[in-house]
Each structure stands twice: as structure tokens, then as C-alpha cells.
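A.B. asks: Pasting a structure below so you can have a look.
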Amino acid sequence: MLSFPNAKINLGLHIVAKRPDGYHNIESCFYPIPWCDALEVLPSEKLTFTSSGLDIPGTQESNLCIKAYHLLKKTYDLPGVHIHLHKVIPMGAGLGGGSSDGAFTLKMLNDLFELGLDVPTLQNLAGQLGSDCPFFIENKPVIATGTGTNFKGTALNLSGRYIAIKHPQIHVSTQKAYSLVKPAAPTHSIEGILSKPIDQWKDVLQNDFEASVFAQFPEIRDVKNQLYSAGATYAAMSGSGSAVFGLFEQEISLDGFYTFEL
């Protein structure tokens, strides 16, 4: 069984409040994009995992694909499988690639072994893997609130537009990024902003991480400026970085950027 776990971008990201449990409440639009890994799950005598493509840091047991298997194994008598992940989406980029791999593993195991798990159950399980994982169960545009796991559907449709993305080879610590942001109630809701034409987003659709991240790493700010200079209708950093994307009305080719039609 083969699938292609995709990345996502954040269209706006507000850090609304710090919670008593130490996490943060956010507001963002999660939007899936066609930049994909390749994930294969095959029946096997025992659980094995291999990878190719980009090097994956950490131990095998810390990989979300393996964690997804063990999570289901707690409740269901799963046989062994061989999981192979071809890694294409850069890690630590704010694109949710690892979260997507974990969520897709849950969905594939559910299908392969006919477990009959419905969407809410899969989302609950995915939430135990990480806060971005539940999004990839349905994998459609949503307004995300709470810790990023409360979803409201949105009619936003960017089909026919083009996206250019660059991942500067810079690691941004998510923990440090959060520590440098002062939570505040937003002046404008992201849902309201997204209801307006894209050419009105530039000055109001904000990622709250950008100010502190750009101050630390001006090279990331330069990528955003490069996208606007190239004619992007809207450009922003995704998540806590360091990937930066731009939306274009026409197909575009930029040196050092990956480009896709949405």
C-alpha cells in the first residue's frame, strides 16, 4: 500500500494566549499543498522501518510512523509491517511533514487491516502523536484554533494559483520561537481576512512568529521580500519557520524555490 503524505502551510498564525498547561492557543488556517513524501506499508513478519531521501534525525523509535504503529498496536492485534518512507518534505520547516507521515500511517494501517476507525477516532489518535497530526486525517483547509486541533471548515479555495516555497537551511527552535512571542487577542480574525481577495491579505494576514524569527535570522525575511519582488500576491513564513512561501496568479520559476500548482 502506497500513499503520498503532503505538506501544509499556515495562512496567518496568531498566538492568542498561553494556557495553564504550558501550551498556547492559536488561530490559523491550515492549507494542504502538493509537496509530498512517499510512504509504503507492506505486511511483514515483524515491524521494520527503512527510509530514503532526506536524512531523518533522531532514533527510529522517535519516528512518528513507528509511533503511529505502536499507538494502534496498544488496542488492536496488528501483525508486523514493513514501513518505508521516502522523505522529500524538509524537516523543521513549519510544513508539517513529519506530522503528515504519522497521520498517513494511521490511515494506511486502518485501511490495510480493515480496522473500521472513523474520522473522529483517527483524529483523536493522531492528536496523541502531535498537535499538527489530526489535520492530515481529513487533509482539507480548516480554521484551526485551540492548540491547533479544533477545526472549522473553510470555503477557501486556492485552486489554479501557484505556490513557490523555499526552505532556508536554518533551524528555528519552535520552543524558542514561542518564548519570544507575546500572546495577544488578534485585531482581525483570520477567517474574516481570508474572506477578502488575496491582494488584500498582505498587510493584515500576519504570522506572529515572523517578527522575532526575522530579527534572529534576517535571511528568512529576505526570502519573503524576494517573493514579493518576484510578484507574489501574498507571502509569509509557514508555522515557526523556516520555510517561506509565496502565492502567485501565474506559473513562475524562481531559482532555489520549489513551485507547485495548487
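The values are calculated or read from the model by the stated rules, or taken from the named source; none is laboratory data. Since the structure is predicted, the reported quantities are computational estimates derived from the model, not experimental observations. All Cβ positions, glycine included, derive from the backbone under ideal geometry; neighbour counts span all protein chains shown. These area figures cover heavy atoms from the full protein model, side chains too; ligands, DNA and RNA do not enter into them. Shrake-Rupley method; radii C 1.70, N 1.55, O 1.52, S 1.80 Å.
A.B. asks: Go through the stretch 193-237 and give me each residue that's more than 19 Å from Lys182 (Cβ to Cβ), part of a loop (DSSP other than H, G, I, E, B) and among the aromatic types (Phe, Trp, Tyr).
C.D. replies: Residues satisfying the conditions are Trp201, Phe217.
A.B. asks: Could you tell me which residue of the stretch 128-154 is nearest to Lys8 (Cα to Cα), considering only residues that are small (Gly, Ala, Ser) and modelled with pLDDT of 95 or more?
C.D. replies: Going through the stretch 128-154, the residues small (Gly, Ala, Ser) turn out to be 130-131, 144, 146, 148, 153.
In the following step, the residues that additionally are modelled with pLDDT of 95 or more were identified as 144, 153.
Values: Ala144: 13, Gly153: 15 Å.
Among them, the one singled out is Ala144.
A.B. asks: Is it the case that Lys196 is among the basic types (Lys, Arg), under 30 Å from Leu254 (Cβ atoms), without any contact (Cβ under 8 Å) to a residue 60 or more places away in the chain and open to solvent by 60 Å² or more (accessible area, probe 1.4 Å)? Spell out how you get there, then give the answer.
C.D. replies: Values: among the basic types (Lys, Arg): yes; under 30 Å from Leu254 (Cβ atoms): yes; without any contact (Cβ under 8 Å) to a residue 60 or more places away in the chain: yes; open to solvent by 60 Å² or more (accessible area, probe 1.4 Å): yes.
The answer is yes for Lys196.
A.B. asks: Given the conditions (1) surrounded by 13 or more Cβ atoms within 10 Å (Cβ to Cβ); (2) within 20 Å of Lys166 (Cα to Cα), which single one is not true for Asn25?
C.D. replies: (2)
A.B. asks: OK, next. Take the residues in the stretch 234-262 that are open to solvent by 30 Å² or more (accessible area, probe 1.4 Å) and over 15 Å from Lys8 (Cα atoms), then tell me which one is nearest to the chain's Cα centre (by Cα). Break it down into steps so the answer makes sense when it comes.
C.D. replies: Kept after step one, since they are open to solvent by 30 Å² or more (accessible area, probe 1.4 Å), are these residues of the stretch 234-262: 249-256, 258-262.
Then drop every residue that is not over 15 Å from Lys8 (Cα atoms), which leaves 249-256.
On the way: Glu249: 23, Gln250: 24, Glu251: 23, Ile252: 23, Ser253: 23, Leu254: 23, Asp255: 23, Gly256: 21 Å.
My answer is Gly256.
A.B. asks: Counting only residues that are in a helix (DSSP H, G or I) and of a type in the set (Gly, Ala, Ser), which one in the stretch 94-132 is nearest to Val81 (Cα to Cα)? Full working, then the answer.
C.D. replies: First, the residues of the stretch 94-132 that are in a helix (DSSP H, G or I): 97-112, 119-129.
From what's left, of a type in the set (Gly, Ala, Ser): 97-100, 102-103, 126-127.
Details: Gly97: 21, Gly98: 19, Ser99: 20, Ser100: 19, Gly102: 15, Ala103: 16, Ala126: 19, Gly127: 22 Å.
Looking at the filtered set, the residue picked out is Gly102.
A.B. asks: Please work out which one of (1) assigned to a helix (DSSP H, G or I); (2) in contact with a Gly (Cβ under 7 Å, 6 or more places away or on another chain); (3) open to solvent by 50 Å² or more (accessible area, probe 1.4 Å) is the condition Ala68 fails and give its number.
C.D. replies: It is condition (3) that Ala68 fails.
A.B. asks: Considering (1) of a type in the set (Ser, Thr, Tyr); (2) surrounded by 23 or more Cβ atoms within 10 Å (Cβ to Cβ); (3) more than 24 Å from Lys46 (Cα to Cα), say which one Thr121 fails and leave the rest.
C.D. replies: (2)
A.B. asks: Return only the number of the condition from (1) of a type outside the set (A, V, I, L, M); (2) at pLDDT 95 or above; (3) touching a Lys or Arg at 6+ places or on another chain (Cβ under 6 Å) that Ser195 does not satisfy.
C.D. replies: Ser195 satisfies all of (1) of a type outside the set (A, V, I, L, M); (2) at pLDDT 95 or above; (3) touching a Lys or Arg at 6+ places or on another chain (Cβ under 6 Å) except (3).
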